[in-house]
Amino acid sequence: MSFDTPKTLSDIAIERLAERVETAQRYATPIHKLTEDYPDLTVAEGYRVQTALRRSLEGRGQQVIGWKAGLTSKPKMAQMGVSTPAIGFLTDAMERPANSAISVSDLIHPRVEAEIAFVTKVELSGKVSAADVMAATDYVQPALEVIDSRFSGFKFDLESVIADNSSSARFVPGGRMVRPDALDLRTVGVVMEHNGQIAQIGAGAEVLGHPAEAIAMLVGVLDDIGETLPAGSFVMAGAITAAIPVKAGDTITARFYEMGSITVTLTD
Ligand code: OOG
Ligand code: MG
């Protein structure tokens, strides 16, 4: 991915788009795809909007505690009709404890996905390999993500979803923290139960062949946008299976092979 394309949208236009996304997030009101007004919106401009959104949320006191890769598995790419991975940022305000109740009243059309998360112990910057990521990882652990596209009908394209911070809404670290070399992350299986019924199954290898590849991709995109991944970051590698649409009253449990399980209950 190269972001050397000339700046076409002014900084003011980028700020306006970020405000549009932030308002949709805050009031849980869907908007139409940004590409409907800006058909020439580029991936680089999508990331400029995401950065403006990040700066605005930081200005409101939120702290960026990590990042996420998205659209990194075939089941997710097929579900969303997008074939290129994307990244997004995670703030403290999005985090919820494992086994807690999560309100859906401030979300538009939430979906839950199971992911493997990495916690880093040294800074990663520039273009890195999966082996570099493994060496920089303190531990890995399961996570659930509650995504919520701000676009009507959960329909978007790559440029719009990047501007919308890759649908980030809530995330739930849980299960067991494991040394990165203690398990073969490709063969870590996950079973997702929706109200007690098995709804999705998959394994770590769905995520770009190995979840560490997704983190390497993410660090490369951070480099493209002029950022690095600080030590101590919490980074999610992307959904292993397709995301499960949920409503108030639902319970999701994700059971990870040898890494424990996480349950969330959705409420009004
Ligand atoms: C985009 C976010 C994708 C993942 O894990 O693949 C994502 C979306 O599907 O709305 O978080
Ligand atoms: Mg995700």
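Taking all pairs of distinct Cα atoms, average 1/r, flip it, and tell me the Kirkwood hydrodynamic radius of region 210-268 in Å to one decimal place.
Details: mean 1/r = 0.0699 Å⁻¹.
14.3 Å is the Kirkwood radius here.
Under 8 Å for C-alpha pairs, at least 6 residues apart: give me the relative contact order for region 11-266, rounded to a whole percent. Display every interim value, and only then the final one.
On the way: 600 pairs, mean separation 71.5, N = 256.
Reported relative contact order: 28 percent.
What's the exposure ranking of Glu159, Glu113, Glu19, going from fewest to most Cβ atoms within 10 Å?
With the sparsest Cβ surroundings first, the list reads Glu19, Glu159, Glu113.
Of Ala130, Ile240, Ser160, which is farthest towards the positive pole of region 129-253's charge dipole, taken about the Cα centre with +1 and -1 on the beta-carbons of Lys, Arg and Asp, Glu respectively?
Final value for the positive-end residue is Ile240.
What is region 1-63's relative contact order, in percent, from Cα pairs under 8 angstrom and six or more apart in sequence?
Values: 27 pairs, mean separation 28.2, N = 63.
Normalised by residue count, the contact order of region 1-63 is 45 percent.
Calculate how large, on average over all directions, the projected area of the Cα convex hull of the chain is; give the answer in nm² to one decimal.
Taking a quarter of the hull surface, the average projection is 12.5 nm².
In debye, nearest 20: dipole of the chain around its Cα centre with unit charges on the Cβ of K, R (+) and D, E (-)? Kindly include the intermediate steps, with their values, before the conclusion.
Numbers: 24 positive and 34 negative charges, 87 e Å.
Roughly 420 debye for the chain.
Say a paramagnetic label sat at a point 7 Å from the Cα of Lys7, along Cα to Cβ; which residues of region 184-227 have their backbone N under 20 Å from it?
222-227
Can you list the aspartates and glutamates whose alpha carbon is less than 15 Å from that of Lys76, not counting same-chain residues fewer than 8 positions off?
Filter leaves Glu113, Glu115, Glu145, Asp148, Asp157, Glu206.
Residue-wise, which Karplus ³J(HN,Hα) couplings in Hz belong to region 107-117, taking 6.51 cos²θ - 1.76 cosθ + 1.60, θ = phi - 60°, and x for glycine or proline?
Taking θ as phi minus 60°, the curve returns 10, 8, 8, x, 9, 10, 9, 9, 9, 9, 10 Hz for region 107-117.
So how do Asp148, Asp106, Asp184 line up by other beta-carbon neighbours within 10 Å, fewest first?
On the way: Asp148 21, Asp106 14, Asp184 11.
Lowest to highest Cβ neighbour count: Asp184, Asp106, Asp148.
Please state the relative contact order of region 1-132 as a whole percent: Cα pairs under 8 Å, 6+ residues apart?
About 21 percent, as a whole number.
I need Thr241, Thr263 ordered by Cβ neighbour count within 10 Å, fewest first.
Thr263, Thr241
Apply the Karplus parameterisation 6.51 cos²θ - 1.76 cosθ + 1.60, with θ equal to phi minus 60°, to every residue of region 9-26 and state each ³J(HN,Hα) to the nearest whole Hz, in sequence, with x for glycine and proline.
Values, residue by residue: 7, 5, 4, 5, 5, 5, 4, 4, 5, 5, 5, 4, 5, 5, 5, 4, 5, 5 Hz.
Using alpha carbons only, how many angstrom separate the centre of region 50-104 from the centre of region 191-256?
10 Å
Spelling out what I want: for every residue of region 136-141, take phi, set θ = phi - 60°, compute 6.51 cos²θ - 1.76 cosθ + 1.60 (Karplus), and round to whole Hz; glycine and proline get x.
My calculation for region 136-141 gives 8, 8, 6, 7, 10, 7 Hz in order.
Work from the charge dipole of the chain (Cβ charges, +1 for Lys and Arg, -1 for Asp and Glu, about the Cα centre) and give the residue of Leu90, Leu107, Trp67 farthest towards its positive end.
Projecting each Cα onto the dipole axis, the largest value belongs to Leu107.
Calculate the dipole size of region 83-170 relative to its Cα centre from +1 charges on Lys and Arg beta carbons and -1 charges on Asp and Glu beta carbons; express the result in debye to the nearest 20.
120 debye
Taking a ≥ b ≥ c as the square roots of the Cα gyration tensor eigenvalues, with a/c under 1.5 meaning rounded and otherwise prolate when a/b beats b/c, else oblate, which class fits region 104-183?
oblate
For the chain, what is the calculated [θ] at 222 nm in deg cm²/dmol (nearest 500), taking -39500 (n - 2.57) for each run of four or more DSSP H residues and dividing by its residue count?
Rounded to the nearest 500, the figure is -8000 deg cm²/dmol.
When the chain is fully extended, how far beyond the present Cα-Cα distance does Ala203 get from Asp40, taking 0.36 nm per residue of separation?
Once the chain is fully extended between Ala203 and Asp40, it gains 55.0 nm.
No value in this document is a laboratory result; all are computed from the given coordinates. Nothing here was measured: the structure is a model prediction, and the numbers come from that model. We place every Cβ from the backbone using ideal geometry, glycine too, and count neighbours over all the protein chains shown.
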